[in-house]
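Structure first, then comments.
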Amino acid sequence: MGKHTEAALAMVSKMTLEEKAGLLSGLDVWHTKPVERLGLPSILVSDGPHGLRKQVNTQDNLGIGESVPATCFPTASLLACSFDPSLTEEVGRAIGAECRKEEVSILLGPGINIKRSPLCGRNFEYYSEDPMVAGRMGAGFIRGAQSLGVGTSLKHFAVNNQEKRRMMISAEVDERTLHEIYLKGFEIAVKESRPATVMCSYNKVNGIYASENRHLLTEILREQWGYEGTVISDWGAVHDRALGVAAGLDLEMPGSLGENDRCVIDAVRSGSLPEESVNRAAERVTELVLTLTEARKEVSETDLPDPADNHGVAVRAAQQSMVLLKNEGGILPLGKERIAVIGAFAKTPRYQGAGSSKVHALRVDTPLDAMQKAGLSVTYAEGYPLGTGASEGAQEALLQKAIRVASTCDKVVIFAGLPERCESEGIDRRNMKMPEEQNRLIREICKVSKQVAVVLMGGAPIEIPWAEYVQGILLAYLGGEGVGTAVASLLTGACNPSGKLAETWPRTAEDAPCAGDFPGDRCHVLYRESVYVGYRYYQSHPEKVRFPFGHGLSYTGFSYGAENLTKEAAFGDWIAARFTLQNTGTVSGSEISFVFAKHRNETVFGPELTLVGFAKTRLDPGETKTVEISVDTRDLGYYHTRIGAFYAEPGAYALLVGGSMEELVPLMTVELTSREIPQPDVPVEDFASLLGRPVPLPAGPAKRPFTAGNCLSDVQGVLTGRILASVIRRMAGDVEGKEEGQSDMIDATLMEMPFYALQTSSGGAISRGQLEGLIDLLNGHPCKGIGKLLRKK
């Protein structure tokens, strides 16, 4: 029980059924409902997670309006490369301070979904392909924000690994993979940091919407993991409100102007929903409001970090996370040479993605300005256009000027990567390719200079066919508003690169383990690759890898020492894995160390190596430290579907340590004692056996009769569907205050939003009865449809 549990129970006991049902949905898009009669206030929630996105117009139901100025921190895809939970904690604390200033009680983040495919359009918001990394980094963020009395929302629970048809698709995944890969990060974050809320995802999991999935929301989250907080919906994710309440979904956001409140009341009165379920949800929401209201009082304004210092935090976070992928011949750090700086991103950098996380940055440091301030002798050429409307002649002129500038300088730094239109919430990438004009620019520059370094900007892996021709590559990912200062400090050696990849970079999208099953068909996406996600797959397919998980270079060197002892342990014990680490170079630096477990199971399939721990250590030149990483023996095994728990068979488990998967040395051998439980092997190729049920048949094009579960994309085969899409697109395009760069996301969202969600998100513009009329029209029943459309309700 929490500090305010008894007060919440007492308050709810005084509420009417109508008040309790009303409490389970938002007042509007961003506020919870108050119960003024009992003194329960309303609280404000706002988007995150790499900066506060508090909308100026809080009644904007589409979530596309301008937001208040705030610090834009590096996105999760970059922060993960620090492998430093204390850094995400510092960022969470900094954002929490801005939330306090803006009277925001809940920040909607962090997102810790697994990077199943490099093409997921929202990967820049997520940390890693590995659940331990995602869970621990997310836990750090939660601790930081909540230390200031600001609640967080751990999202998106669960198995939300694509944007294509995200509100309708069913992720078909076997139970073992579900627990080992897609739930483990959430389990870690829940148990380590106790987030105030957990946000359910839009999608279905094995045929059941996450918003009404009792197995996820109650049996796993609450009963197995002991979560005591509040479960909220993603915005518009509620399909059947009464089923959601019964399953464990406490708070629906945004509000539905009372429509779903009435559904809950009707379900209680009809006997299909026990009032006790409503009471439990109302108690959790009440306790959430009371807890966060009181927490703001417990952390005084004088104890808050100064938001004016947050730009410096954003810079440091980027500096400690960016990854030096290649440094042939020591082209970096730069010195007193004449430097050609080429690429439009040098003046207009990519520093965040598009969608609900887009921050109205207070300021943005550009790489070109920062390099000049650092004292470098630079000459700039644009090299390529930022937009898509430039003529071939204009592009050629930019290219030729860049070649001329490069030919007159000693070294060349090219800024390249993915345009904003390639990465956004609501849209998956079609491939991993950069714009061809950028690839051509790099190839042509390499013909006139043999001293070329590329700074890559983008939120996810990119095809880089020119990698062998350049001497240096610095990966900036999406570095936040301090990206320019961070890049300049790393290029000049003022800071030593220490980031390492938290995801594998395949050569092409076709090399990903899920390539044949992403993004699925109209209704289902099959997780046929099972547990072989990321490095767990690529260990057996090194030819498909451009840069492996954990790869990252430094301007210094490190050596590892380990005694490779044997230690006995029982399953469930924690083990102290110790080794020595020495800085063998001439400059100070930080080294990220990884501990992997290796064990051959004769009957159960699984990856050869599994990450079981990591740490980051700062060392001066010549300094040696003893490093200790705690390893949970439960991480040595797998999820045993017969006993419904993690399990490791008795035997010898090798632990290996190193600075990357490419350079591991024996650390110790663990002789594990554990009860013996037989587990016949199920071949990963037999997906039906893994699922324990028949594989869903491929879904063809949508046909009449259409239902509220269809979307605009489904009905483009009928005239009324095309007309409806045109009208709704025009309405969205006319929204005042719409943020620049969000149009593609808005269009994709509208086209793939189920009709029931479109109606509840309309802010009252479409009633439930009118929605039924629209569906009648789509199904070829104009008389019935028009009659319903003319009714007010």
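For this structure, a couple of remarks:
- Whether a residue is surrounded by fewer than 24 Cβ atoms within 10 Å (Cβ to Cβ), farther than 25 Å from Val341 by Cβ and hydroxyl-bearing (Ser, Thr, Tyr) was assessed, and Tyr469 does not pass this test.
- Among (1) buried (at least 24 other Cβ atoms within 10 Å of the Cβ); (2) in contact with a Phe, Trp or Tyr (Cβ under 7 Å, 6 or more places away or on another chain) - the single one Gly185 does not satisfy: (2)
- Some residue of region 681-688 being open to solvent by less than 50 Å² (accessible area, probe 1.4 Å) and not in a helix (DSSP H, G or I): yes
- Condition check for Ile746: within 30 Å of Tyr351 (Cα to Cα) and open to solvent by less than 70 Å² (accessible area, probe 1.4 Å): yes
- Residue match in region 313-328 (condition: buried (at least 24 other Cβ atoms within 10 Å of the Cβ) and charged (D, E, K, R)): no
- Some residue of region 408-417 being within 30 Å of Tyr126 (Cα to Cα), open to solvent by 60 Å² or more (accessible area, probe 1.4 Å) and among the polar types (S, T, N, Q): no
- Residues of region 535-567 classified as crowded, with 21+ Cβ neighbours inside 10 Å and in a helix (DSSP H, G or I), total: 4
- Single residue of Ser590, Ser630, Ser530 found to be under 20 Å from Ile188 (Cα atoms), in contact (Cβ under 8 Å) with a residue 12 or more places away in the chain and polar (S, T, N, Q): Ser630
- Residue satisfying condition, being closer than 30 Å to Val525 by Cα, buried (at least 24 other Cβ atoms within 10 Å of the Cβ), modelled with pLDDT under 95 and among the small types (Gly, Ala, Ser), within set Gly109, Gly48: Gly48
- Any hit, region 482-491, residues being assigned to a loop (DSSP other than H, G, I, E, B), buried (at least 24 other Cβ atoms within 10 Å of the Cβ) and modelled with pLDDT of 95 or more: yes
- Within region 749-783, tally of residues that are of a type in the set (Asp, Glu) and under 26 Å from the mean Cα position of the chain (by Cα): 1
- Extreme residue, farthest from Pro435 (Cα to Cα), among residues of region 336-364 that are outside any loop (DSSP other than H, G, I, E, B) and open to solvent by 50 Å² or more (accessible area, probe 1.4 Å): Arg338
- If the condition is being open to solvent by less than 10 Å² (accessible area, probe 1.4 Å) and either within 16 Å of Pro333 (Cα to Cα) or touching a His at 6+ places or on another chain (Cβ under 8 Å) (or both), then region 369-386 contributes only Met371.
- Of all residues making up region 646-660, the number that are within 26 Å of the chain's Cα centre (by Cα) and open to solvent by 20 Å² or more (accessible area, probe 1.4 Å): 1
- Residue count for region 596-608, restricted to those that are under 17 Å from Glu663 (Cβ atoms) and either without any contact (Cβ under 8 Å) to a residue 24 or more places away in the chain or open to solvent by 20 Å² or more (accessible area, probe 1.4 Å) (or both): 2
- Matching residues, region 664-680, being surrounded by 13 or more Cβ atoms within 10 Å (Cβ to Cβ) and either of a type in the set (Lys, Arg) or assigned to a loop (DSSP other than H, G, I, E, B) (or both): Ser674, Gln679
- Enumeration of residues in region 233-279 that are basic (Lys, Arg) and open to solvent by 40 Å² or more (accessible area, probe 1.4 Å): Arg262, Arg269
- Counting only helices (runs of 4 or more DSSP H) wholly contained in region 168-286, the ones carrying 1 or more residues that are charged (D, E, K, R) and within 28 Å of Met751 (Cβ to Cβ) occupy 241-247, 259-270.
- Considered as a group, the residues in region 760-793 that are modelled with pLDDT of 90 or more and among the polar types (S, T, N, Q) include one that is surrounded by the fewest Cβ atoms within 10 Å (Cβ to Cβ), and that residue is Asn779.
- Yes/no for Ala196 being over 21 Å from Pro519 (Cβ atoms), hydrophobic (A, V, I, L, M, F, W, C), touching a residue at least 60 places away in the same chain (Cβ under 8 Å) and open to solvent by 10 Å² or more (accessible area, probe 1.4 Å): yes
- Subset tally (residues that are out of contact with any helix residue (DSSP H, G or I) (no Cβ under 8 Å at 6 or more places or on another chain) and part of a loop (DSSP other than H, G, I, E, B)) for region 611-645: 8
- One residue stands out among those in region 97-106 that are in contact (Cβ under 8 Å) with a residue 60 or more places away in the chain and either part of a helix (DSSP H, G or I) or out of contact with any Ser or Thr (no Cβ under 7 Å at 6 or more places or on another chain) (or both): the one that is most open to solvent (accessible area, probe 1.4 Å), which is Lys101.
- Listed conditions (1) open to solvent by 20 Å² or more (accessible area, probe 1.4 Å); (2) assigned to a loop (DSSP other than H, G, I, E, B); (3) closer than 30 Å to Gly335 by Cα are all met by Arg404, apart from (2).
- Selection within region 574-595: residues that are β-branched (Val, Ile, Thr) and in a loop (DSSP other than H, G, I, E, B). The member of this set that is surrounded by the fewest Cβ atoms within 10 Å (Cβ to Cβ) is Thr586.
- Count of region 69-96 residues which are buried (at least 24 other Cβ atoms within 10 Å of the Cβ), more than 12 Å from the chain's Cα centre (by Cα) and either of a type in the set (Gly, Ala, Ser) or part of a loop (DSSP other than H, G, I, E, B) (or both): 11
- Only one of the numbered conditions (1) assigned to a helix (DSSP H, G or I); (2) under 32 Å from the mean Cα position of the chain (by Cα) is violated by Pro333, and that is (1).
- Residues in region 236-259 that are closer than 18 Å to Thr16 by Cα and either modelled with pLDDT of 95 or more or under 25 Å from the mean Cα position of the chain (by Cα) (or both): Ala242, Val245, Asp250, Leu251.
The values are calculated or read from the model by the stated rules, or taken from the named source; none is laboratory data. For clarity, every value in this text was computed on a predicted model and none was experimentally measured. Neighbour counts are summed over all protein chains in view; Cβ atoms, including those assigned to glycine, are modelled from backbone coordinates with ideal geometry. To get the accessible areas, we keep the full protein, side chains included, count just its heavy atoms, and leave off ligands, DNA and RNA. Shrake-Rupley method; radii C 1.70, N 1.55, O 1.52, S 1.80 Å.
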